[in-house]
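Report on one structure; see the data block that follows.
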Amino acid sequence: MQAPAVPKVCFPVAGKPAVAHLLEILIALGTAPNVLVVGHLAGKVVDEVGPKFPQALFAFQAELLGTGHAAKQGAAVLRQLEFDGAVLVIAGDKVVERRALEKLVQAFEADHADAALVVAPKSRWPEAGRIITNDQDRFLQIMERADLRDAAKTKTPVVVDGKNYTAQEVEDRVQWINQAIYLYRADALFDVLGRLGRDNIQQEEYLTDTFGLLVKSGKNIVTVPVDEPEDVLAFNTPEELLEIEEHFRRKTGLEVGPTAALDPRIFKTPHVWANSLANPDGTVKSMLHAIYGDSAALCEEKRRHLLETVELFIRVFGNEGKVAVIRAPGRVNLMGRHVDHRGGHVNLIAIDREQILVARGRTDTTVRARNTAPDQFADIDFTAGDLLRLVRLDDWRDFVNSEAVICMVRDLQGDWGNYLKAPMLRLQQQFKTRQIKGLDCVVRGDIPMAAGLSSSSALVVAMAEALVLVNGLDVSPNDLVDLCGEGEWFVGTRGGAADHAAVKLSQFGQIAHVSFFPFQIEDYVPFPEGHALVICNSRLQARKSHSAKDVFNERVASYEFAVHLVRRRFPNYAPLIRHLRDISPAGLSVRSADVYRILLDIPEAIAPETLVAELGTDTCEKYFATHRRPERYHLRGRLLFGIAECARSRFGISFLRNGDLKKFGWLMNISHDGDRIVHADGGPFAVDVSDVALRGRIEDLQSEDPERVFRAQLYAQPGVYACSTPEIDQMVEIALATPGVLGAQLSGAGLGGCMMVLVRTEAADEVVRRMSQMYYEPRGLEPGAAAFTPIAGCNALALGNS
């Protein structure tokens, strides 16, 4: 069940533990006493059951030696009570209908049986124990599937009623399987449990062997078939648990599948969408203008892309059913680099490059995905069952940090299917009582990959939007952002939700000022009139699924270690610090000079073993596991960058709102210096974060000299995050040397990708020209600089009422 800390009987089924459902039915039937045999995680079972069922008794199985051995422990309690009635033996995680137990009791009494058991057709549970009968269909024994397989592997004859058969011959004769619900006369049970052995493949005492022994003793055994397939259910995987949840939803009259009818404005046949996009009327044109703005050329380009994606869906998956057409744009964060996952603010716009996903819901849990660029992106097919064999339904963070997931992601580096699996897994973990249904989809994207423009996050959001729509899930836009941010942890990075917020919530022509923990859009500010944002692709890819991931995660780990040290070394501040953003004058109710004093107590660099000695193995190992640990973690510079960038991201929006673009550009330049690798003169770039430098900042703040005080403000400090590259640093210098440029900096997480330039509109073409002349042409690279338009965030296209 992928949940080591939760006993299986305690997994919730329809809102209560599985064992509670069973006990309620047993009590209603009049069984008493009810004895629960507990072993692994016994305390948790007792804590769950005891207060709700005070009459229940408990027996402890100290060694896990099989189901027969467990039954012995329960039988010992009954013998001490001198119990002599009929004894029902059933697994505590069985989900059984009362009528199935009533039928068992009636057959047991009517036939004066010594023992009776519930059986079902073999097709129902292919892996269950086999009911072995003779030529007259009289019950002989139960054979476990594992033993039958071992006999087939070793070619050992199987003896049935005195005759030798091959394992396959026995398998072919089997019509019924064991449902593991047994009713015995007490004396027969007590006697036969004492005769159990462990001569089997698993070296355990099988409760099922009691029936073969009873037959040899001439006892009367009755098999009782279930009337309905769902009268007896069991689960061994999260997928099977979800199937049981679906059963309870049907049983209680709740809908299975989408909880709301598909919106007819969004879901139309592929042919209708193709016709609408191929022959756009006024309604279609208005829809496109609302998303992409007044540029006729851009609207026409996007119309073609949407149509091409729908047409490929028709060629691959046909015209049946109804599809949604979803688009999710790339994004740029104008200010607030590397701090969204620390609780900082970000300032976001969506750009006119996007992922398009055409999706049709399915009735099963399969996902089939095709891409318009099949040479780059192979066909993807998977099912929820494949994923749920891994997923931790109890805790998403523990699941994505598990060794199994880390190894899987490492083995599937660069697999675009991971970005489709991530939101499906996260939504399933969120909706534990619903089985998330799959979909057929076609994807088209024109966001440059590994360029820092969130091509992967856009795909995650588009897929999440599609799954929410086809499953009729009640997910608000803000919640979708958080779920997508956490979902992308599945691919191995430990970032926040800023990218997903921009992809989902951006508005045309606006900058979104967003805060986190809790997530909130605090303001929308118009993109400054008379100015343009030029985005320049370095053509140096920073793939999250390759070595860059180690660097990204090391930076995040450095943040975590630094904050842990602050809490430990300043216990008076610890209750106030939930996130890095709280280490601020406002967060701690202190002066800026006091923040510098905190930084003075954080080492410039520290070895991993020293961190373990101070913070403990458990704290450190969970962060070490996300990356290849360096020789030393540069904590002070990282922490200073995070504190300063949180301040820049807060103050920057006011500069934009007030039209003070010169100051905003200055903040962009300072922010880039915190990521910079190469100095403007070509030499190595370094920010001084020594004790001497920080004490100098404290003296500046106390000097009453306006220039020195301004220079010492936290938002004016670059810090040291160092996720740029020499190439991007050169591009920044080319831009800053261009008249009309206000600011330039890295875009995205870094280590490649893009940089961005805030420039007066009339100078945008000159930036593009100079970038081609001085960066792309000397390297023989395809030019990749252009002015971008802020467009609307992710949505499903919607037209009319039919």
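Data for the structure
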quantity: Accessible area of residue 266 in the full protein assembly, 1.4 Å probe (Å², nearest 10); calculated: 20
quantity: Förster radius 45 Å - calculated FRET efficiency between residue 605 and residue 386 (Cβ-Cβ, nearest 0.05); calculated: 0.55
quantity: Of 94/153; 16/44; 16/52; 163/216; 52/94, pairs whose Cα-Cα distance is over 20 Å; calculated: 94/153
quantity: Per-pair calculated FRET efficiency, R0 = 60 Å: residue 271 and residue 695 via Cβ, rounded to 0.05; calculated: 0.25
quantity: Heavy atoms of residue 443 accessible to a 1.4 Å probe, total area in Å² rounded to 10; calculated: 0
quantity: Charge dipole (debye, nearest 20) of segment 425-483; +1 at Cβ of Lys and Arg, -1 at Cβ of Asp and Glu; calculated: 220
quantity: Summed residue charge, Cβ within 14 Å of residue 767's Cβ, Lys/Arg positive, Asp/Glu negative; calculated: -1
quantity: Extreme residue, positive dipole direction of the chain, given options 312, 750, 346 (C-beta unit charges); calculated: 346
quantity: Rounded accessible area of residue 591 (nearest 10 Å², 1.4 Å probe); calculated: 150
quantity: Net charge of neighbours whose Cβ lies under 13 Å from the Cβ of residue 777, counting Lys and Arg as +1 and Asp and Glu as -1; calculated: +3
quantity: Simple Cβ-charge dipole of the chain, Lys/Arg +1 and Asp/Glu -1, about Cα centre, in debye nearest 20; calculated: 700
quantity: Extension gain, residue 156 back to residue 377 (0.36 nm per residue minus Cα-Cα distance, nm); calculated: 74.7 nm
quantity: Heavy-atom accessible area order for 345, 672, 112, largest first, 1.4 Å probe; calculated: 112, 345, 672
quantity: Sites excluded, GluC sites (Glu not before Pro) in DSSP loops with at most 16 other C-beta within 10 Å, longest stretch of the chain; calculated: 321-528
quantity: Cα-based helix-to-principal-axis angle, 635-657 vs the chain, degrees rounded to 10; calculated: 70
quantity: Helix-only [θ]222 nm of the chain, DSSP H runs n ≥ 4, -39500 (n - 2.57) each, per residue, nearest 500; calculated: -12500 deg cm²/dmol
quantity: Reach of residue 302 by Cα under 22 Å, taken over lysines that are not fewer than 8 positions away in the same chain; calculated: 268, 285, 322, 504
quantity: Test item: Cα-centred dipole of segment 264-316, Lys/Arg +1 and Asp/Glu -1 on Cβ, debye; calculated: 180
quantity: Relative contact order [Cα under 8 Å, 6+ residues apart], segment 191-331, whole percent; calculated: 19
quantity: Centroid-to-centroid separation of segment 1-55 and segment 86-101 [C-alpha atoms, Å]; calculated: 13
quantity: Potential extension, residue 578-residue 316 segment - 0.36 nm per residue separation minus Cα distance; calculated: 89.4 nm
quantity: Distance (nanometres) between label positions extended 7 Å along Cα→Cβ at residue 290 and residue 569; calculated: 5.5
quantity: Sulfur and carbon atoms: percent of accessible area, the chain [1.4 Å]; calculated: 50
quantity: Gain in span if fully extended, residue 433 to residue 76, counting 0.36 nm per residue against the direct Cα distance; calculated: 124.8 nm
quantity: Residue among 77, 131, 105 farthest towards the positive dipole end of segment 64-156, charges placed on Cβ; calculated: 131
quantity: Mean accessible surface per residue for the chain, computed with a 1.4 Å probe while every protein chain stays in place, in Å²; calculated: 42
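The values are calculated or read from the model by the stated rules, or taken from the named source; none is laboratory data. As the structure is a computational prediction, the values presented were derived from the model and not from experiment. Cβ sites come from the backbone with ideal geometry, for glycine too, and all protein chains shown count toward neighbours. Remember, those area values only see protein heavy atoms, side chains included, never the ligands or the DNA or RNA. Shrake-Rupley method; radii C 1.70, N 1.55, O 1.52, S 1.80 Å.
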